[in-house]
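Here's the structure we're looking at; comments come further down.
The values are calculated or read from the model by the stated rules, or taken from the named source; none is laboratory data. Just so we're clear, the structure is a prediction, and the values are computed from it rather than from any experiment. FYI the Cβ positions are ideal-geometry reconstructions off the backbone, even for glycines, and counts take in every protein chain you see. For accessibility, only protein heavy atoms count, side chains too; no ligands or nucleic acids. Shrake-Rupley method; radii C 1.70, N 1.55, O 1.52, S 1.80 Å.
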Amino acid sequence: MSTFYFIAFLSIFFSILVISAKNPVHSILYLILTFFTFTVHYILLNAQFLAIVNFIVYMGAILVLFLYTLMLINLNKESEPVKPFMIKIAGVFGGGILAVAIASSLKLLAKSNPVVLQNPNLGLVKNLGKVLFNEFLLPFEVSSVLLLSAMVGAVLLATKDPKTA
Amino acid sequence: MESLTNTIHAVPLNHYILLSAIIFSIGVMGVLIRRNAIVIFMSVELMLNSVNLLLTAFSVYRGDATGQVFVFFIMALAAAEVAVGLAIIVMIYRNTNSIDINVLNRLKW
């Protein structure tokens with residue numbers, strides 16, 4: 001039980017560091033750590049498939065993509081211009097209001113039951129694969145079309161226009 | 001694995017909701033206070049991930065695998081979104097030589 005609270009503390013700590021780090025590269029490295037704590041959360045929930053997918057897709061693919069983009073865009077020249085202090089205060093205040101609103105709405109709930117794993121092989125690949133390929137076969141195929149179109153779109157957007165260049 | 005899953009037994013569902021709400025709010029704050037387009041994008045990823053965690057927690061709570069399948073679809077969507085979004089950022093950088101979002105206020109009224 002205390003494992004959850006320790007990992008939750010680490011998640012919040014690293015995600016605060018993500019948005020407060022001055023250097024974007026440091027932000028990305030903290031984001032990797034945050035996603036690693038999420039992977040640990042998934043393992044604690046016995047969602048093994050999601051833990052592995054989170055590890056490979058998020059930490060492996062997406063964050064490497066971020067790092068490559070950051071390296072393509074040379075940010076060493078000048079650092080990010082700072083927003084006015086009042087706007088920062090207003091942003092933190094707005095986000096804090098959102099957190100307080102959600103947290104206080106939890107008070108309306110009755111006593112919350114603990115999260116208990118009824119079926120130990122709920123998040124295993126075998127079980128999830130059966131659900132995915134029986135009930136969600138059409139969305140699965142559509143998502144492949146989505147990924148293909150995203151790939152084509154990314155290539156189209158990122159290549160230089162030969163007429164203007 | 002049995003000992004690992006036993007550790008979670010006493011965590012109330014409310015605490016998962018609270019954790020996700022806090023991380024989601026941190027993502028919102030990141031979008032509001034930063035000006036670097038890539039950092040804003042990373043904050044959006046943070047928000048997506050907090051929702052993923054909450055969906056998984058509810059899925060385990062209800063004993064229903066549908067939530068975890070949904071998280072899988074969200075991850076596929078996030079991969080597509082990141083590919084297109086980063087391509088757009090690269091294109092913006094090529095045109096304006098900056099990824100400060102305040103340069104991009106031409107659509108503002």
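Annotations for the structure displayed:
- Segment B:2-99, accessible surface, carbon-and-sulfur percent (1.4 angstrom probe): 70
- Acute angle (nearest 10 degrees) that the helix B:13-33 long axis makes with the longest principal axis of chain B, alpha-carbon atoms: 10
- Full-extension gain in nm, A:Val142 to A:Lys107, via 0.36 nm per residue minus C-alpha separation: 8.6 nm
- Full extension of the chain segment joining A:Ile89 with A:Val131 gains 10.5 nm, where the gain is 0.36 nm per residue of separation less the Cα-Cα distance.
- Stokes-Einstein diffusion for chain B at 4 °C, viscosity 1.567 mPa s, with a Kirkwood radius from C-alpha pairs, works out to 80 µm²/s.
- Site-free segments of chain A were taken between trypsin sites (Lys or Arg not before Pro) in DSSP loops having at most 16 other Cβ atoms within 10 Å, sites themselves excluded; the longest one is A:23-76.
- Average accessible surface for segment A:1-51: 40 Å² per residue, computed with a 1.4 Å probe over protein heavy atoms with every protein chain in place.
- Mean Kyte hydropathy of -1.0 or more with a Cα span along the axis of at least 15 Å, helices from DSSP in chain A: A:2-20, A:24-44, A:85-105, A:137-158
- Listed residues A:Met151, A:Met59, A:Met71, most fluctuating in chain A (Gaussian network, C-alpha, under 10 Å): A:Met151
- Helix B:66-96 vs. chain B, principal-axis angle (Cα, 0 to 90°, nearest 10): 20
- Along chain B, the exposed loop sites are trypsin sites (Lys or Arg not before Pro) outside DSSP states H, G, I, E and B with at most 11 other Cβ atoms within 10 Å, and the longest stretch free of them is B:1-105.
- Our helix-only sum for chain B, with -39,500 (n - 2.57) per DSSP H run of n ≥ 4 divided by its residues, gives a mean residue ellipticity at 222 nm of -26500 deg cm²/dmol.
- Chain A: relative contact order as a whole-number percent, Cα under 8 Å and 6+ apart: 20
- Relative contact order of segment B:2-99, taken over Cα pairs closer than 8 Å and 6 or more residues apart, is 24 percent.
- Angle between chain B longest axis and helix B:37-62 axis [Cα atoms, degrees, rounded to 10]: 20
- For chain A, built as a Gaussian network whose Cα springs stay under 10 Å, the top-fluctuating residue of A:Phe140, A:Phe38, A:Phe49: A:Phe140
- Of the residues A:Ala61, A:Ala21, A:Ala103, the one that moves most in a GNM of chain A with alpha-carbon contacts below 10 Å is A:Ala103.
- Residues of segment A:11-33 buried by at least 40 Å² on assembly (accessible area, 1.4 Å probe, chain alone as reference): A:Ile12, A:Ser15, A:Ile19, A:Leu31
- A:Phe55-A:Ile12 pseudo-label distance in nm [points 7 Å out on the Cα-to-Cβ vector]: 2.7
- Rolling a 1.4 Å probe over the protein heavy atoms gives segment B:2-99 an accessible area of 33 Å² per residue.
- With contacts taken as Cα pairs under 8 Å at a separation of at least 6 residues, segment A:1-76 carries a relative contact order of 28 percent.
- Take the accessible area of chain B alone and of chain A alone, subtract that of the pair, and you get about 7600 Å² summed over both chains, using a 1.4 Å probe.
- Rounded percent of accessible protein surface that carbon and sulfur make up, segment A:1-76, 1.4 Å probe: 79
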